[in-house]
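Only one structure is covered here, and it is reproduced in the block below.
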Amino acid sequence: TTDIGALVPGWNKFTKSHTDLQAAALTNDIEVATLTAGYIITGVLIKTTTLFAGTGILTYTLSVGINGNLTKYATAFSVTSAVSDTNLQLSNNYSIENWGSNTSIRLAAISTGANLNQSTSGVVEIYIKTEKIKS
């Protein structure tokens, strides 16, 4: 997992595949990055580059948040509709998680119709914009 503090403040891209999210369940969440203590998230963008699909899967959505609030930074976004340069979700939610400890930033998946381990395709880019507050 990438520690955001080791990256340049600004927009950073994280690419995840459907295989990263597979589980014998309708929901699953994984760590996308670690938010360094004293950093603030100022934006999240979700963009599908390959549609998510699979046997029996009717809907598939992704959100970005933290443990206990998996939609804090980006609400559920359908990743089963058309891939295009305009089909994306941009969310702005300024929030600092913890002044003294790092925080796990999570990508959450929800499917209907079949479990996530039935997925056969899907790639998403998650862009997280950060700024350093604490020196």
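The values are calculated or read from the model by the stated rules, or taken from the named source; none is laboratory data. Since this is a predicted model, take the numbers as computed values, not measurements. We place every Cβ from the backbone using ideal geometry, glycine too, and count neighbours over all the protein chains shown. Ligands, DNA and RNA are stripped out before the accessible areas are found, and what is left, the full protein with its side chains, is counted by its heavy atoms. Shrake-Rupley method; radii C 1.70, N 1.55, O 1.52, S 1.80 Å.
General observations
- Residue, least open to solvent (accessible area, probe 1.4 Å), within the range 19-37, restricted to residues that are within 30 Å of residue 131 (Cβ to Cβ) and β-branched (Val, Ile, Thr): 32
- Condition met for residue 61 (open to solvent by less than 50 Å² (accessible area, probe 1.4 Å) and either assigned to a strand (DSSP E or B) or touching a Lys or Arg at 6+ places or on another chain (Cβ under 6 Å) (or both)): yes
- Residues in the range 24-43 that are within 19 Å of residue 77 (Cα to Cα) and at pLDDT 95 or above: 25, 26, 27, 28, 29, 30, 31, 32.
- Qualifying residue in the range 38-57 (condition: touching a Pro at 6+ places or on another chain (Cβ under 7 Å) and open to solvent by less than 60 Å² (accessible area, probe 1.4 Å)): no
- Residue list for the range 106-132, restricted to those being modelled with pLDDT of 95 or more, assigned to a strand (DSSP E or B) and of a type outside the set (Ser, Thr, Tyr): 106, 107, 108, 109, 110, 122, 123, 124, 125, 126
- The range 34-58: number of residues that are assigned to a strand (DSSP E or B) and under 20 Å from residue 119 (Cβ atoms): 9
- Any hit, the range 71-92, residues being small (Gly, Ala, Ser), in contact with a helix residue (DSSP H, G or I) (Cβ under 8 Å, 6 or more places away or on another chain) and at negative phi: no
- Qualifying residues in the range 78-103 (those that are among the hydroxyl-bearing types (Ser, Thr, Tyr) and farther than 21 Å from residue 10 by Cβ) - the one most open to solvent (accessible area, probe 1.4 Å): 86
- Total residues in the range 93-105, condition among the small types (Gly, Ala, Ser) and assigned to a loop (DSSP other than H, G, I, E, B): 2
- Residue check, residue 114 over 17 Å from the mean Cα position of the chain (by Cα) and open to solvent by less than 30 Å² (accessible area, probe 1.4 Å): yes
- Among the conditions (1) over 17 Å from residue 16 (Cβ atoms); (2) of a type outside the set (S, T, N, Q); (3) part of a loop (DSSP other than H, G, I, E, B), residue 90 misses just one, which is (3).
- Hey, residue 56 in contact with a strand residue (DSSP E or B) (Cβ under 8 Å, 6 or more places away or on another chain), among the small types (Gly, Ala, Ser) and at positive phi or not: no
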